[in-house]
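Everything below concerns the one structure shown next.
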Amino acid sequence: MLNRLNHPGPQLNAQLEGWLSQVQSTKRPARAIIAPHAGYTYCGSCAAHAYKQVDPSITRRIFILGPSHHVPLSRCALSSVDIYRTPLYDLRIDQKIYGELWKTGMFERMSLQTDEDEHSIEMHLPYTAKAMESHKDEFTIIPVLVGALSESKEQEFGKLFSKYLADPSNLFVVSSDFCHWGQRFRYSYYDESQGEIYRSIEHLDKMGMSIIEQLDPVSFSNYLKKYHNTICGRHPIGVLLNAITELQKNGMNMSFSFLNYAQSSQCRNWQDSSVSYAAGALTVH
């Protein structure tokens with residue numbers, strides 16, 4: 001059992017409620033969302049745009065795909081605990097699905113230390129708990145730590161997860177921030193034709209976002225190779241795009257749209273730094 005996020009529950013609950021109450025839900029429930037994983041003061045309001053699209057009445061299993069920030073990992077890893085504690089209530093890990101994934105031989109186990117150190121999954125747990133509150137005893141979670149996968153591995157994992165994505169009672173939460181810009185991130189791409197630095201960053205991010213909306217994993221890989229945009233969840237996003245491609249081959253009709261974009265601050269000179277956040281949802285037609 002892991003105790004995640006030692007925020008006081010009532011205060012966190014009120015914050016999440018406030019952000020969610022300011023957002024509209026779209027017509028159809030999300031089958032997958034992409035949402036950020038920074039501190040809530042930075043990206044809580046952005047993430048609400050994605051979580052508002054979750055329908056707790058149909059969702060029974062939530063796959064949370066987060067990138068590995070701390071340990072080198074060439075595959076994907078599963079947690080070794082049964083329960084994640086959040087300040088709202090405990091979330092149960094689905095041992096049956098874990099068993100199915102484990103049997104494929106494609107996964108390793110995260111150590112407890114890795115699990116505790118990694119925030120890319122952790123930051124989604126309170127939001128998941130909040131979005132599912134009205135059905136809190138009726139769902140399980142499947143946390144998956146995604147390593148630095150090659151394109152062919154992204155395809156393999158995409159294929160594997162596609163059968164789960166096809167099921168309307170499953171939801172995929174893909175954890176990713178967008179551009180990390182500045183000297184401390186060793187990334188300072190700047191297209192002066194866009195105006196100020198923060199506008200160049202936004203233009204770069206939105207290029208990537210529109211490629212994700214086209215649901216094309218190859219174009220997304222090419223975009224990353226060309227611009228090296230520091231999208232930390234690029235591998236989980238790659239896995240999702242490959243899963244979608246697999247389902248489209250079988251005639252499933254889906255669309256993805258981004259609903260919100262934000263930056264932690266507006267960079268105007270080389271000393272500045274910022275992280276970008278985007279929230280979006282995949283719907284099945």
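Scanning the stretch 211-221 turns up no residue that is in contact with a Cys (Cβ under 9 Å, 6 or more places away or on another chain) and of a type outside the set (Ser, Thr, Tyr).
Comparison of Asp167, Asp177 shows that the only residue that is open to solvent by less than 20 Å² (accessible area, probe 1.4 Å), part of a loop (DSSP other than H, G, I, E, B) and of a type outside the set (A, V, I, L, M) is Asp177. Selection of the stretch 66-117 for residues being more than 20 Å from the chain's Cα centre (by Cα) and small (Gly, Ala, Ser) yields Ser80, Gly99, Gly105, Ser111. If the condition is being farther than 18 Å from Ala14 by Cβ and open to solvent by 20 Å² or more (accessible area, probe 1.4 Å), then the stretch 109-139 contributes Arg109, Ser111, Leu112, Gln113, Thr114, Glu116, Asp117, His119, Glu122, His135, Asp137, Glu138. Among the candidates Leu171, Leu215, Leu224, the residue that is of a type in the set (A, V, I, L, M) and in contact with an Asp or Glu (Cβ under 9 Å, 6 or more places away or on another chain) is uniquely Leu171.
In this structure, does Val144 turn out to be under 21 Å from Cys232 (Cα atoms), among the β-branched types (Val, Ile, Thr) and in a loop (DSSP other than H, G, I, E, B)? The answer is no for Val144. Within the stretch 96-108, the presence of a residue that is of a type in the set (Gly, Ala, Ser), open to solvent by less than 20 Å² (accessible area, probe 1.4 Å) and outside any strand (DSSP E or B) is excluded. Looking at the stretch 243-261, which of the residues that are part of a helix (DSSP H, G or I) and open to solvent by less than 20 Å² (accessible area, probe 1.4 Å) is nearest to His203 (Cα to Cα)? Ranking the qualifying residues of the stretch 243-261, first place goes to Ile244.
Within the stretch 225-241, which residues are in contact (Cβ under 8 Å) with a residue 12 or more places away in the chain, open to solvent by 20 Å² or more (accessible area, probe 1.4 Å) and assigned to a helix (DSSP H, G or I)?
Across the stretch 225-241, the qualifying residues are Tyr227, Arg234, His235.
Only one entry of Leu73, Leu88 meets the criterion of being assigned to a loop (DSSP other than H, G, I, E, B), farther than 15 Å from Ser111 by Cα and of a type outside the set (Lys, Arg), and that entry is Leu88. Comparison of Ser193, Ser276, Ser264, Ser210 shows that the only residue that is open to solvent by 40 Å² or more (accessible area, probe 1.4 Å), closer than 18 Å to Ile33 by Cβ and of a type in the set (Gly, Ala, Ser) is Ser210.
The values are calculated or read from the model by the stated rules, or taken from the named source; none is laboratory data. The structure displayed is predicted, hence computed values, not measured ones. Here Cβ is always computed from backbone atoms with ideal geometry, including for glycine, and neighbour counts include all displayed protein chains. Accessible surface areas use protein heavy atoms only, side chains included; no ligands, DNA or RNA. Shrake-Rupley method; radii C 1.70, N 1.55, O 1.52, S 1.80 Å.
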